[in-house]
Amino acid sequence: MNKGDFSKGFYLIVFVVAVIFLIVGFYFLPSSRYDTFLGTGNSMEPTLFDGNELTVDPKREPEQGDIIVFSCQTCPSISSDEILTKRLYDIDKNGCYWVLGDNQSNSFDSRDMGWLCYDDIKLYGVVIDIKKQ
C-alpha cells in the first residue's frame, strides 16, 4: 500500500463522518424541531394578538393550561383547514380537550364546539414561544 492510497482513504472517511455529523446536527437542531404559525384574530387577547408569530413544538404532549394550535376536523361550523389557537382548559379521562380562548367574550371555543377528542382535531402542537409584533 502506498502513501497516496492511505491519504485518499483517510479523506474519504473524514468526508463521510462530516456528512453524518451534518445530517445528525440538522436533525437535532431546535429550530428544525419546531413549527411556526401566525396568530390571527382576537380570541386569545390579551395573551396573543393578531399577527403574533407562534413557535409550536409538535412533539410536546399538551397539558392543562397550555396554548395549543389545532384544526377541528369534525366541527360543522368551521372549515377543517382553519387553524385555531386556544388554551387547553381541561382534559377528561378519555383524553378529550376542553379549549377556551383567553378573550372569552369573543372566542369560538369548546362552549360552541364541545369536547374535542383525538379524532376530532389535527393537533399541530403546543405553543412554546410568542413573538409579539
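Figures for the structure shown
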quantity	calculated
Where D81 falls short, out of the listed (1) acidic (D, E); (2) within 17 Å of Y124 (Cα to Cα); (3) touching a residue at least 40 places away in the same chain (Cβ under 8 Å)	(3)
Residue match in segment 78-95 (condition: touching an Asp or Glu at 6+ places or on another chain (Cβ under 6 Å) and polar (S, T, N, Q))	no
Filtered residue count, segment 84-107, keeping only those that are closer than 15 Å to N42 by Cβ and at pLDDT 90 or above	11
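The values are calculated or read from the model by the stated rules, or taken from the named source; none is laboratory data. Because the structure is predicted, anything quoted here is derived from the model rather than measured. Heads up, the Cβs are rebuilt from the backbone with ideal geometry, glycines too, and the neighbour counts pull from every protein chain shown.
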